[in-house]
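Some notes on the structure that comes next.
Each value in this text was obtained by applying a stated rule to the coordinates, not by laboratory testing. Being a predicted model, the structure only gives us computed values, none of them experimental. Cβ atoms come from the backbone with ideal geometry, glycine included; neighbour counts cover every protein chain shown.
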Amino acid sequence: MKKFVPQFQGSPWADGMHVLHAYLLPDLATNRELAQLIAASRESMRPYPISLLSDDRPHATIEMVADTSSDNIAMNDRTALIYALHKHLTDATPFHVMAGSPIANKAGALLDLSPDGPLEDLRGRVQDAFRETRGPEVIQHDGGRHHMSLGYSWGTADSDILQSALRRITPSHAVFRVDRVHLLDVQFREHAHEGRDTGWEISWNPVASLPLAPRGAAAH
């Protein structure tokens with residue numbers, strides 16, 4: 001494990017920069033099993049140099065608006081982006097995702113997400129909406145495997161030992177329902193930790209909540 005550094009356009013994130021993202025935000029208040037899995041993962045992570053995400057911060061990235069920072073996106077352009085997302089998600093069906101097992105990686109810890117099919121379909125719809133309004137340069141990476149972030153490392157540590165602790169968690173999986181996509185204005189700031197170490201912490205402001213529901217069906 002080494003210090004996590006967020007990336008934008010292939011370079012380190014500028015401290016304090018805001019960028020629009022499409023996220024999944026599970027509601028831990030209504031999903032006891034997922035809340036318990038995350039809480040158990042946090043206990044295993046506490047001895048390590050990882051900034052733990054609070055209950056309102058676990059998230060899964062669907063896509064990033066990567067052509068520019070959000071301060072360069074005017075209100076009418078944001079409105080067009082929201083309209084395009086509504087259009088491309090209007091016949092998307094809500095689905096369930098399996099979160100787990102928890103995994104230690106070079107940047108902290110996460111929950112693996114499956115199955116791939118509905119998550120990839122959702123990512124494709126969001127990407128189509130982004131490209132429709134922002135052009136081809138809006139997508140600048142392959143997205144990687146779907147996961148839910150639990151915390152970001154601010155120092156170095158042996159992730160093998162953490163992974164062994166995470167593997168002892170049982171149950172190691174929880175299901176949550178995906179019925180909307182959140183468009184958020186995401187910021188990373190670098191903060192001081194122990195000694196001279198600094199780490200990156202995430203925050204965001206909501207822009208829009210886009211429900212998934214086939215035409216003629218009500219979202220629940």
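Side notes on the structure shown:
- Square roots of five times the Cα gyration tensor eigenvalues for the stretch 23-142, Å: 30, 18, 14
- Length gained on full extension, Ala192 to Glu120, computed as 0.36 nm times the residue gap minus the Cα-Cα distance: 22.3 nm.
- With the simple spin-label model, which puts each label point 7 Å out from Cα in the Cβ direction, the Thr79 to Ser164 separation comes to 5.9 nm.
- Over the stretch 137-220, all Cα pairs binned in 5 Å intervals from 0 give whole-percent P(r) values of 3, 8, 10, 16, 18, 16, 15, 8, 3, 2, 1, 0, listed from short to long.
- Note that the stretch 56-72 has calculated 3J(HN,Hα) couplings of 9, 10, x, 7, 10, 6, 8, 6, 10, 7, 9, 7, 6, 6, 5, 5, 9 Hz, one per residue in order, obtained from phi through the Karplus relation 6.51 cos²θ - 1.76 cosθ + 1.60 (θ = phi - 60°); glycine and proline are x.
- Overall, the chain carries a charge dipole of about 340 debye about its Cα centre when +1 sits on the Cβ of Lys and Arg and -1 on the Cβ of Asp and Glu, all other atoms neutral.
- Between the Cα long axis of helix 116-134 and the first principal axis of the chain there is an angle of about 60°, rounded to the nearest 10.
- Full extension of the segment from Met17 to Glu132, taken as 0.36 nm per residue of separation minus the current Cα-Cα distance, would add 39.0 nm.
- Excluding same-chain neighbours fewer than eight residues apart, the lysines reachable from Lys106 by a Cα-Cα span under 22 Å are Lys2, Lys3.
- Hits among aspartates and glutamates - C-alpha to C-alpha of Lys87 under 19 Å, sequence gap 8 or more where chains match: Glu63, Asp77, Glu120, Asp121, Asp128, Glu132, Asp179
- Cα-based equivalent ellipsoid of the stretch 7-211: semi-axis lengths in Å, sorted from largest, via gyration tensor: 29, 22, 14
- Length-normalised contact order of the chain in % [C-alpha pairs under 8 Å, at least 6 apart]: 34 percent
- With Cα atoms as the point set, the radius of gyration and Dmax of the stretch 1-78 evaluate to 15.8, 46 Å.
- Here the gap between Asn205 and Asp56, fully extended at 0.36 nm per residue and compared with their Cα-Cα distance, gives a gain of 52.4 nm.
- Here the label points at Asn72 and His141, each 7 Å from Cα along the C-beta direction, are separated by 1.7 nm in the simple model.
- Against the chain, whose longest principal axis comes from its Cα atoms, helix 32-45 is set at around 40 degrees.
- Label separation (Thr30 vs Phe95): 2.0 nm, computed from points 7 Å beyond Cα along the C-beta direction.
- Built amide H within the under 5 Å cut-off of Val181, gap 5+: Leu210, Leu212
- Residues in the stretch 178-205 that a label on His86 would reach, taking backbone N under 18 Å of a point 7 Å out along Cα→Cβ: 180-184
- Crossing angle, helix 75-89 versus the chain [Cα axis fit, 0-90 degrees, rounded to tens]: 90 degrees
- Between Ser54, Thr198, Ala84, the Cα set farthest toward the positive side of the dipole of the chain (charges on each charged residue's Cβ, about the Cα centre) is that of Ser54.
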